[in-house]
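The values are calculated or read from the model by the stated rules, or taken from the named source; none is laboratory data. Note that the structure is predicted; figures quoted are calculated from it, not measured. Every residue, glycine as well, gets a Cβ built from its backbone with ideal geometry; the counts of neighbours run over all protein chains shown. When the accessible area is computed, the model is the full protein with side chains, heavy atoms only, and any ligands, DNA or RNA have been set aside. Shrake-Rupley method; radii C 1.70, N 1.55, O 1.52, S 1.80 Å.
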Amino acid sequence: MVFNLFKKKDNQKKEDNQDTLQQEQQANEEAFAISVGSLKEKVSKTSEGLVSSIISLAKGSETIDDDMLDDIEDKLIVADIGMDTAVEVIEKIRGQKNSIRPEQLKDIFKQEFVQILRGAGSNKINLKENQLNIILITGVNGVGKTTLIGKLAHRYKSQNKKIIIAAADTFRAAAQEQLEIWADRAGVDIIGKYDSDPAAVVFDAIKKSKDESKDILIIDTAGRLHNKFNLMEELKKIKKIIDREAPEALAESILVIDANTGQNGLKQAQVFKEAVDLTSVAVTKLDGSAKGGIVIGISKELNLPVKLIGVGEKINDLKDFNAEDFVSAVFD
Amino acid sequence: MFDSLSDRLQDIIRKTSGNDKLSDDNISDTLREIRRALLEADVSLRVVKSFISKIKDKVAGEEVTKSVTPGQQLVKIVYDELAELMGGSNTPVSTEGKPNIIMLFGLQGSGKTTTAGKLAIKLRKENRNPLLVAADVYRPAAVKQLQTIGKQINIPVFTLDNSSDVRNIVSSAVAHARENGFNTLIVDTAGRLQIDNELMAELVILERLFDPAEKLLVIDAMTGQESINVAESFNEHLDVTGVILSKLDGDTRGGAALSIAHATGKPVKFIGMGEKLDALEAFYPDRMAQRILGMGDIVSLVEKAQESFDIDSAKELEKKMRKSEFSLEDFMKVQKQMKALGSMDQILGMLPIPGLNKDARQEIAHVGEKQLKRIEACIQSMTPEERRNPDIIKSSRKKRIALGSGLPVDEVNRFLKEFENMRKMMKQMADLSSNMRKNPKKMSSMMNMPGGLGALKGKFPPFK
């Protein structure tokens with residue numbers, strides 16, 4: 001076997017070697033050292049956040065001028081907050097610029113964004129006692145719906161709720177197995193059938209939930225791009241089944257948004273909202289470098305509160321959304 | 001794809017088209033609009049700034065005076081810059097190494113596993129013998145997902161049960177490939193954050209040990225401003241050889257494509273255009289720039305058509321069309337082939353039809369596809385003889401067909417009448433298409449000719 005161990009370091013020739021253990025070890029350590037070193041640098045670079053740059057902009061200046069605000073607008077855009085929202089907040093502050101001092105900018109910005117996030121409604125998951133609560137989970141492909149459901153099931157299981165998961169992603173390869181593993185980890189029931197109509201799975205799941213007097217039914221759906229007409233029609237059908245078979249039971253209709261998502265997130269929220277009457281948003285992958293600024297635009301434009309955040313791949317990596325913490329994480 | 005950006009730029013260009021010269025005023029207005037359009041398209045701010053300053057330089061220089069009209073000049077400048085920004089020319093996938101190793105990596109949910117399957121099909125079409133390697137040992141059922149995909153496309157998947165050591169998996173796969181005559185390994189790795197030290201180290205180790213000929217970063221086309229940091233970080237550690245932009249069949253403006261290519265200097269090799277496993281296409285920056293500017297993407301369409309159409313049966317159909325022998329059976333065949341090309345919306349999106357914006361296109365596609373479903377139901381309720389020879393369908397047959405398809409009789413009637421009209425028109429179209437094949441470059445201008453696509457307008461009132 002050919003191992004090219006020193007390609008980058010000292011350009012030694014490729015070596016044919018069967019006895020590779022020691023070399024592998026060496027390569028591991030070497031690679032790890034290189035990797036960790038430069039990564040640390042990277043992390044510190046990204047953690048120098050928005051507000052510190054606002055402060056450094058503000059320092060040494062007595063008044064807030066237009067250039068300063070333009071620079072801040074740039075920073076907001078880089079956080080994926082979106083042109084419209086950024087411009088609106090900037091203009092609001094431009095209007096008051098003579099009555100505020102540069103060092104106040106940070107708190108004023110934070111306040112603005114907390115207000116936007118709060119203005120969209122309560123950040124608490126809406127659950128009713130002594131009845132079936134259905135939670136419908138939707139989103140585009142690869143945002144982390146299944147993982148979120150695993151974590152959510154675990155959370156409610158720990159609160160001694162009776163839970164069942166409906167595996168209505170009957171399309172993607174191995175989606176059901178993935179969800180089964182999560183259901184198993186959380187120790188909850190799961191219902192689903194391969195290659196069947198997702199609406200039929202939902203129908204069966206509602207029936208089973210009623211028969212067994214479950215507290216919560218979480219419905220996983222296949223990822224779909226919101227511009228695929230037929231797939232969105234399929235979702236509407238699922239919603240129709242829920243409304244017909246269990247009126248008043250739909251507690252939350254949650255859109256899952258990947259924190260890395262850019263301005264397309266707004267369009268996603270808009271179209272999904274029309275299709276399944278969204279009640280809230282969950283942001284996933286917030287443990288990454290992306291700040292998820294798009295949800296500020298979503299809260300503002302579509303009045304959809306953020307309720308849950310995903311911060312990792314472990315079963316406990318699910319948190320309730322808190323507007324202040326979120327804004328601080330975005331800005332600090 | 002890139003719809004809104006394209007719409008916006010067209011809008012800007014239209015605004016300036018009326019002016020005789022690019023004045024300082026309308027340059028700065030235009031530039032501000034372009035900046036805004038690009039930012040809304042998720043092009044990274046850094047890239048936007050350099051783009052705008054380049055445009056500014058060109059417009060300010062003497063080149064302006066050489067223009068035919070200022071509008072055309074601006075189109076040319078913006079187009080050239082966009083094409084350059086997106087990375088210059090594309091290079092084919094390397095075949096080096098025995099076996100040739102292609103490693104896929106990226107953030108969670110970017111579409112690596114699906115892309116691995118798509119890439120395998122693509123390479124098999126190039127007469128390579130690929131083996132898929134399941135090296136995502138973390139995500140639940142990731143291995144099973146790749147196995148399922150492998151089964152769907154009939155390409156073997158190498159797995160190592162109970163092993164969570166990716167080095168072991170890949171080295172066993174290499175040995176397996178050598179013994180069993182696979183010349184290409186496609187390694188599907190787990191999704192990871194670029195700031196996750198441990199998992200990035202795992203990739204670096206694989207890279208050092210196996211020296212993959214291709215190290216392809218898979219990035220979601222919907223990614224926002226962060227795309228530039230993700231791409232830079234992966235590139236820094238792994239010296240990426242290329243990028244695959246997934247989920248570009250959505251309506252994202254896809255600014256990530258511009259940013260990544262610009263920031264890393266690495267080409268976007270492929271674009272993911274749908275959930276079907278053959279929906280992986282080559283990325284051509286120049287075509288993409290044309291597309292952004294609303295010039296359509298006729299070249300892609302022609303190539304795609306060549307790939308998915310069976311030439312012999314197409315010729316036979318054409319003969320039938322020309323003689324008006326085209327039957328309902330043939331109609332169904334054509335429908336099947338059309339579906340292989342993509343959704344109606346996708347196909348329309350590639351055509352440079354003037355005034356056809358995204359909304360109109362989706363509406364047409366929606367109405368069209370719905371209508372086609374009814375037509376299909378109608379045809380499926382016919383006997384083979386009726387399909388071959390629709391003339392024999394008289395009133396009692398019509399009633400039966402209506403009953404079978406669940407459509408009212410007058411709709412069956414109307415469809416048969418329209419089919420007859422269509423047959424006549426097909427004769428025209430067949431003549432047109434034989435011209436097209438001789439000279440595909442002229443296709444776009446023919447679309448606007450009398451008897452071309454424009455002539456179809458209004459000939460198919462929607463079924464109600």
Exercise. Going by the conditions given, is B:Arg139 open to solvent by 10 Å² or more (accessible area, probe 1.4 Å), out of contact with any strand residue (DSSP E or B) (no Cβ under 7 Å at 6 or more places or on another chain), among the charged types (D, E, K, R) and touching a residue at least 12 places away in the same chain (Cβ under 8 Å)?
Worked result: yes
Seminar exercise, completed: Considering residues that are open to solvent by 10 Å² or more (accessible area, probe 1.4 Å), at pLDDT 85 or above, within 12 Å of chain A (Cβ to nearest Cβ) and closer than 17 Å to B:Thr223 by Cα, the number found within the range B:248-283 is 3
Problem set entry | Residue count for the range A:155-179, restricted to those that are open to solvent by 70 Å² or more (accessible area, probe 1.4 Å) and at pLDDT below 95 | 2
Exercise. Any residue in the range A:85-107 that is within 28 Å of A:Leu278 (Cα to Cα) and in contact with a strand residue (DSSP E or B) (Cβ under 7 Å, 6 or more places away or on another chain)?
Worked result: no
Exercise. So which residues in the range A:234-253 are open to solvent by 10 Å² or more (accessible area, probe 1.4 Å) and within 13 Å of A:Phe272 (Cβ to Cβ), if there are any at all?
Worked result: A:Glu234, A:Lys236, A:Lys239
For this session: Return the residue satisfying two criteria in turn: it lies in the range A:89-103 and is open to solvent by 10 Å² or more (accessible area, probe 1.4 Å) and touching an Asp or Glu at 6+ places or on another chain (Cβ under 9 Å), and of such residues it is farthest from the other protein chains (Cβ to nearest Cβ).
Result: A:Arg101
For this session: Identify, from the list A:Ile93, A:Ile100, A:Ile77, A:Ile108, the residue that is at pLDDT 85 or above and not in a helix (DSSP H, G or I).
Result: A:Ile100
Seminar exercise, completed: Per the filter on the range A:274-309, residues away from every other protein chain (no Cβ under 13 Å), open to solvent by less than 20 Å² (accessible area, probe 1.4 Å), under 11 Å from the mean Cα position of the chain (by Cα) and β-branched (Val, Ile, Thr) are A:Val281, A:Val306
Exercise. In this structure, does A:Arg185 turn out to be surrounded by fewer than 19 Cβ atoms within 10 Å (Cβ to Cβ), within 13 Å of chain B (Cβ to nearest Cβ) and among the basic types (Lys, Arg)?
Worked result: yes
Exercise. All but one of (1) at negative phi; (2) open to solvent by 10 Å² or more (accessible area, probe 1.4 Å); (3) among the charged types (D, E, K, R) hold for B:Asp188; which doesn't?
Worked result: (2)
Exercise. Considering B:Gln147, B:Gln152, B:Gln194, which residue is within 11 Å of chain A (Cβ to nearest Cβ), touching a residue at least 40 places away in the same chain (Cβ under 8 Å) and open to solvent by 50 Å² or more (accessible area, probe 1.4 Å)?
Worked result: B:Gln152
